[in-house]
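K.L.:
Sending over a structure as structure tokens; questions will come in a sec.
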Amino acid sequence: MLDQLRGKALGITTALVALLAPATRVHAQAATGSAHGTVRHTGTQAPLANAEVTVIGTRLGALTRNDGSYVITGIPAGAQRLRVRLFGFAPNEQAVTVVANESATADFVLAPTAVQLDQVVVTGTAGQARRREVGNAVASVQAAETPEVKTDVSSLLQGRIAGASVELSTGSTGAGASIRLRGNTSVALSNQPLIYVDGVRTRSDEYPKNVPPAGSNLRSTNYNASPLNDINPDDIERIEVLKGAAATTLYGTEAAAGVIQIFTKRGSVGAPSWTFETSQGFNRERPFGLDGVDPLDNTPGTCSAKFGQRNCAKYLYMNPWLRDGIKSDYNVSVNGGSSNGTRYFLSGGFGDNQGVMPLDEERKYTVRANFTFAPTQTFNIDWNSSYTGNHISNTPAGNNAAGLTLNAFRRNRNYYGSANIDTISQVLQYQLNTWINRVILGATANYAPFAGMTNRFTIGLDRANVENRNLRPFGFPESPTGTLSDEQWANQVLTTDYVGSFEHGMHGLSSTFAWGGQATLNDTRDVQAYTIGFGGPGDPTISTGSQWNGLET
């Protein structure tokens, strides 16, 4: 019995050996070879280390050494294709023929290329998200990619956002642009989009006009200054614009006209880096009038007598007062940071912009200080602060009986009954001045206790003070005893915002859960006073007039 069992075991073993032997012989017949070569820079021929060389269709590959060389073994014999990839360079491929027990040579050169990373957006989501993960249309403008001189924020948006209308209200110095992202979307609310600067809600509607509370409202500047003009465009890193229903979902019904998020520059780790920029130019009026001769304007001392009938007609007889307005802008900035997590960006700017009209001028000063503190890898604080001081003076113009343009256009049929240059020039005694002082402060704390979870809390203040002074001095032709209107207007917006998010991934899928809340407080104060009848020439005030009144809102 035992001998029979042994015989069976021997038979089974022999059968197994017989089955395995053909497989062993087949494996021994599979021929392999290798490939070697170098990877170099296409321009300098310098060796490139850590480039990934792979055999397409297999898991075989190797990384290049410091001298750019590589070796891949165990490649099946026959025709193969090798691919090499390195971050910052365009990939390259090459066909090789691998011979058994031999090594094929394949040398590569790589050309540098720009790498498009996943863009991160903030405006269209409760927190930061990759653009390809956002279902809303979020337009973005990178300030560094705009080749022309950046004059203001409106010019950065003009022509770069699909569906956005950016229209300058007038050519007067200091005038702002009206921005419509979806047309006029509301009757009761503002049609201006909401504006955020570094996460801080700011004023979107224009500043009040320089207009007296009594008399005709045509005796004023013919435009509204825009809060957007207070932001130095050289301080901007990028702008994000959100349109559509997503804006109201995230920012409330006030955002029906859209949302504009402005992100200013921040420092980077390293030694201080200084930047100085200046731009010079001039404003010149192009012909806008008639091309003919008016026989009614031929008396001495008129535009036609000095510049010629045909030339004066091309500018509607404004020639004696038009000028080439000089534009000068100066900006200086420094940024840097240390390895302990502190970064900074400091900037200052000055702009002097003269208009084509004799009294039009804007002088603006801007200062910015941005700091980042990162005491730990999971917690950091961003501090943003800016100050803008702006003085705007304007020429009385428009449909104003006491203004320059209306009287110049009408010539001897004007309110003075004379086309004489000196007679019309009396309106330049009219003084229209606006002073704007604005401060924006904001702090954002970011805390990520563990991977996938983020918390962001922002608190900020936007405060703007505007003084509008509208003066027709003693002896002014249209008001011999003089009039004065002075307005003290102030607006402040307080922002508090918190948002948290948790991202979870499983089996190639990811989901993000977000929560948060926001609150804003908008407070506007307006005090106006008006007086008439000064006792004589001098430096007038509201209290020196014979009659005055005031109002507060």
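The values are calculated or read from the model by the stated rules, or taken from the named source; none is laboratory data. Every value quoted in this text rests on a predicted model; they were computed, and no experiment measured them. Here the Cβ is made from the backbone with ideal geometry for all residues, glycine too, and neighbour counts use every protein chain on show. In case anyone asks, the SASA skips ligands and DNA or RNA and just uses the protein heavy atoms, side chains included. Shrake-Rupley method; radii C 1.70, N 1.55, O 1.52, S 1.80 Å.
K.L.:
Can you say whether residue 313 is in contact (Cβ under 8 Å) with a residue 12 or more places away in the chain, small (Gly, Ala, Ser) and farther than 30 Å from residue 409 by Cβ, as far as the supplied structure shows?
P.N.:
No; evaluated as a whole, the condition is false for this residue.
K.L.:
Another question about this same structure. Tell me which strands (runs of 3 or more DSSP E) are completely within segment 101-178 and hold 2 or more residues being within 20 Å of residue 226 (Cα to Cα) and at pLDDT below 75, or say none if there are none.
P.N.:
165-168
K.L.:
I've got another one for you. Find the residue count for segment 232-260, including only residues that are without any contact (Cβ under 8 Å) to a residue 24 or more places away in the chain and open to solvent by 60 Å² or more (accessible area, probe 1.4 Å).
P.N.:
2
K.L.:
Another question about this same structure. How many residues, within segment 32-48, are assigned to a loop (DSSP other than H, G, I, E, B) and over 13 Å from residue 65 (Cβ atoms)?
P.N.:
5
K.L.:
Another question, then. Looking at this structure, is residue 77 among the small types (Gly, Ala, Ser), at pLDDT below 90 and surrounded by 12 or more Cβ atoms within 10 Å (Cβ to Cβ)?
P.N.:
No, not satisfied.
K.L.:
While we're here: If the Cβ limit is 8 Å and pairs must be 6+ apart or interchain, which residue in segment 472-486 that is over 14 Å from residue 535 (Cβ atoms) pairs with which residue that is open to solvent by less than 20 Å² (accessible area, probe 1.4 Å) and aromatic (Phe, Trp, Tyr)?
P.N.:
472/430; 476/430
K.L.:
While we're on this one: Applying the selection to segment 261-280, what residues are farther than 30 Å from residue 341 by Cβ and either in contact (Cβ under 8 Å) with a residue 60 or more places away in the chain or among the acidic types (Asp, Glu) (or both)?
P.N.:
Listed by number, the list holds a single entry, 279.
K.L.:
List every residue pair whose Cβ atoms sit under 6 Å apart, with the two residues 6 or more apart in sequence or on different chains, where the first one lies in segment 534-553 and is surrounded by 11 or more Cβ atoms within 10 Å (Cβ to Cβ) and the second, anywhere, is hydrophobic (A, V, I, L, M, F, W, C) and part of a helix (DSSP H, G or I).
P.N.:
548/542
K.L.:
Across segment 352-401, what is the number of residues that are at pLDDT 90 or above and in a loop (DSSP other than H, G, I, E, B)?
P.N.:
The initial filter retains those residues of segment 352-401 that are at pLDDT 90 or above, namely 352-373, 379-396.
Filter again for in a loop (DSSP other than H, G, I, E, B), leaving 355-360, 395-396.
Residues meeting the conditions: 8.
K.L.:
I've got another one for you. Of everything in segment 296-327, what is in contact with a strand residue (DSSP E or B) (Cβ under 8 Å, 6 or more places away or on another chain) and open to solvent by less than 20 Å² (accessible area, probe 1.4 Å)? Give them in sequence order.
P.N.:
If the condition is that a residue be in contact with a strand residue (DSSP E or B) (Cβ under 8 Å, 6 or more places away or on another chain) and open to solvent by less than 20 Å² (accessible area, probe 1.4 Å), then 325 is the only one that fits.
K.L.:
Would you mind finding the one in 332, 356, 367 that is touching a Gly at 6+ places or on another chain (Cβ under 7 Å), at negative phi and crowded, with 20+ Cβ neighbours inside 10 Å?
P.N.:
Values: 332 fails: crowded, with 20+ Cβ neighbours inside 10 Å; 367 fails: crowded, with 20+ Cβ neighbours inside 10 Å.
Being touching a Gly at 6+ places or on another chain (Cβ under 7 Å), at negative phi and crowded, with 20+ Cβ neighbours inside 10 Å holds for just one of 332, 356, 367, which is 356.
K.L.:
Suppose we filter 495, 531, 520 for residues that are more than 30 Å from residue 215 (Cα to Cα), touching a Leu at 6+ places or on another chain (Cβ under 8 Å), in a strand (DSSP E or B) and open to solvent by less than 40 Å² (accessible area, probe 1.4 Å); which single one remains?
P.N.:
None of the others qualify; the one that does is 495.
K.L.:
Please indicate, with yes or no, whether at least one residue in segment 504-512 is open to solvent by less than 60 Å² (accessible area, probe 1.4 Å) and touching a strand residue (DSSP E or B) at 6+ places or on another chain (Cβ under 6 Å).
P.N.:
Within segment 504-512, none of the residues are open to solvent by less than 60 Å² (accessible area, probe 1.4 Å) and touching a strand residue (DSSP E or B) at 6+ places or on another chain (Cβ under 6 Å).
Condition check ((1) out of contact with any Ser or Thr (no Cβ under 7 Å at 6 or more places or on another chain); (2) modelled with pLDDT of 90 or more; (3) in a strand (DSSP E or B); (4) open to solvent by less than 50 Å² (accessible area, probe 1.4 Å)) across all residues:
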| position | (1), (2), (3), (4) |
| --- | --- |
| 422 | yes, yes, no, no |
| 435 | yes, yes, yes, no |
| 458 | no, yes, yes, yes |
| 461 | yes, yes, yes, no |
| 464 | yes, yes, yes, yes |
| 491 | no, yes, yes, yes |
| 501 | no, no, yes, yes |
